[in-house]
């Protein structure tokens, strides 16, 4: 029981991070119908920005942890959003109106480019981060096994919850969110109503990238290491989460993220840590074969 | 028609070719403010193609589409897609209704006022902070939506999901949405299609009301002659992409060329024009 609870906590933490990244995939897919394979790299950039920012803040001597954390979060969101915007502007917008395959290939190219860019500018070695947020509580103890919930885990879950609630409100209530939903349903009609569709798409990339940046910061703190390749695996897993939840569906991405996190944690806890990635990708295959529209997605209806 | 006619849209030598096929051939006419201009013609005459050129779906092969806004002349064929709606003031409805089916009726109408609200909300920033200026703008948007819902008899269904509305209501909602963009010219593609006689009589009253109260121009594609003849100030007749007549309802009714295009010549085999046109243009002329 205690062991189960521990895996649950680990899974929810991991799932929160996947959920944050998955939102970027699902939003972009919903509006322009493409999988942004460079999104994992955007998250990696977010992690690198956070490492740089932490180091710089250390040098200046900003010592209170909450303050440093807040500054780093904002910096990472800002810079990563800029990257997200630029990726769309450079690699996808010129290809709008061409075949569906073109932006997909361009996305893979962008993903490889960003990996190499980070490798060259930051080096190929692992970048360590000293643990910054320490401490935790013992939630529960039985049979000599203590269930730990660290402050960082709590922070990750709470922050994710707040961001997702905020994000859902923006989509449901704000002007931009309404325009995004209109574009998602009929992008041509949205343009005919005078909505600047390109700007809505840019905003979508910026929002997705900002959320991925938060995930990047959290992962940096959680695992304590960053390298140029972390975006690939996290990206594919978050993509799996988006597919599991139903790609194009916002609550689906959140749910899918949590589920993938839980599956990975329980698999690692009860079967084998070495094969934890296998569990996630098996899910991807099963979902694509048996329920391509995902848990909360609607089956695709061909637009006339 | 009272007073001087104010030109609103000048179409000059519009030609649209698809490879070898000429869907619209050297079409010129002018639509006026406070007037209803109907475009009629047999199936595949190129009517919807004209709309598609006007709203930026197609880049015309040749010709000039000029929207006259006060002293300004806006060339539609050179504008970016969304500016045709936001700057030139063109709004359009479709043969096969295109609503945001997953949004509520009210949301459909508020999305149409996106630009006005976006400016007021400082691009969402003020909106998220809930600043009063934005609140006022949003109230105005809702008020405007309510005005049109009231006018079109949809107010009781404001919170319905648009896709769940009966067909006739969906058609009217589409018109309401187009009007919420605050257009100069309203382009309606077969608004009476699928309406029963009572509903199409109501549509007549509505369109005349919009023309008189809003002072905007209406461009209308319609097959229902009770609508066309009943309310049009000007009728343009197309056949095989060419304009064969242009005038008032009385003039059009008496025009031998129009009768020929619709009924075929008596000496020839029955219905040659229509069937030919239908086969020739069915892929491009009437789809959107």
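Taking the range B:78-93 as the search range and keeping residues that are crowded, with 19+ Cβ neighbours inside 10 Å and in contact with a strand residue (DSSP E or B) (Cβ under 8 Å, 6 or more places away or on another chain), which one is nearest to the other protein chains (Cβ to nearest Cβ)?
B:85
If I ask for residues that are part of a loop (DSSP other than H, G, I, E, B), facing chain A (nearest Cβ under 8 Å) and modelled with pLDDT of 85 or more, which ones from the range B:100-126 would you list?
Hits for the range B:100-126 are B:100, B:101, B:102, B:103, B:112.
Any chance the range B:254-267 includes a residue that's modelled with pLDDT of 85 or more, in the same structural domain as residue B:196 (by TED's automatic domain parsing) and under 23 Å from residue B:201 (Cα atoms)?
no
Could you say which residue among B:238, B:207 is touching a residue at least 12 places away in the same chain (Cβ under 8 Å), farther than 24 Å from residue B:13 by Cβ and away from chain A (no Cβ under 14 Å)?
Among B:238, B:207, only B:207 is touching a residue at least 12 places away in the same chain (Cβ under 8 Å), farther than 24 Å from residue B:13 by Cβ and away from chain A (no Cβ under 14 Å).
Go through (1) part of a helix (DSSP H, G or I); (2) over 30 Å from residue B:147 (Cβ atoms); (3) at pLDDT below 85; (4) touching a helix residue (DSSP H, G or I) at 6+ places or on another chain (Cβ under 9 Å) one by one and return the number of the condition residue B:278 breaks.
(4)
Hey, could you check the range A:136-151 for residues that are touching a residue at least 60 places away in the same chain (Cβ under 8 Å) and out of contact with any strand residue (DSSP E or B) (no Cβ under 8 Å at 6 or more places or on another chain) and say which is farthest from the other protein chains (Cβ to nearest Cβ)? Break it down stepwise before answering.
Kept after step one, since they are touching a residue at least 60 places away in the same chain (Cβ under 8 Å), are these residues of the range A:136-151: A:139-143, A:145-149.
Narrowing the set further to residues that are out of contact with any strand residue (DSSP E or B) (no Cβ under 8 Å at 6 or more places or on another chain) leaves A:142-143, A:145.
Values: A:142: 46, A:143: 49, A:145: 45 Å.
Filtering first and then ranking leaves A:143.
Residue under question is residue B:192, and the condition is that it be surrounded by 15 or more Cβ atoms within 10 Å (Cβ to Cβ) and not in a helix (DSSP H, G or I); does it hold? Full working, then the answer.
On the way: surrounded by 15 or more Cβ atoms within 10 Å (Cβ to Cβ): yes; not in a helix (DSSP H, G or I): yes.
Here the answer is yes, as residue B:192 does meet what is asked.
For every residue, the table says whether it meets (1) closer than 19 Å to residue B:150 by Cβ; (2) out of contact with any helix residue (DSSP H, G or I) (no Cβ under 9 Å at 6 or more places or on another chain); (3) modelled with pLDDT of 90 or more.
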{"residue": "B:174", "(1), (2), (3)": "yes, no, yes"}
{"residue": "B:179", "(1), (2), (3)": "yes, no, yes"}
{"residue": "B:192", "(1), (2), (3)": "no, no, no"}
{"residue": "B:199", "(1), (2), (3)": "yes, no, no"}
{"residue": "B:223", "(1), (2), (3)": "no, yes, no"}
{"residue": "B:227", "(1), (2), (3)": "no, no, no"}
{"residue": "B:233", "(1), (2), (3)": "no, no, yes"}
{"residue": "B:237", "(1), (2), (3)": "no, no, yes"}
{"residue": "B:241", "(1), (2), (3)": "no, no, no"}
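Quick one: is residue A:113 part of a helix (DSSP H, G or I), under 24 Å from residue A:22 (Cβ atoms) and modelled with pLDDT of 95 or more?
In short, yes.
The values are calculated or read from the model by the stated rules, or taken from the named source; none is laboratory data. Note that the structure is predicted; figures quoted are calculated from it, not measured. Every residue, glycine among them, receives a Cβ derived from its backbone with ideal geometry; neighbour counts consider all protein chains shown.
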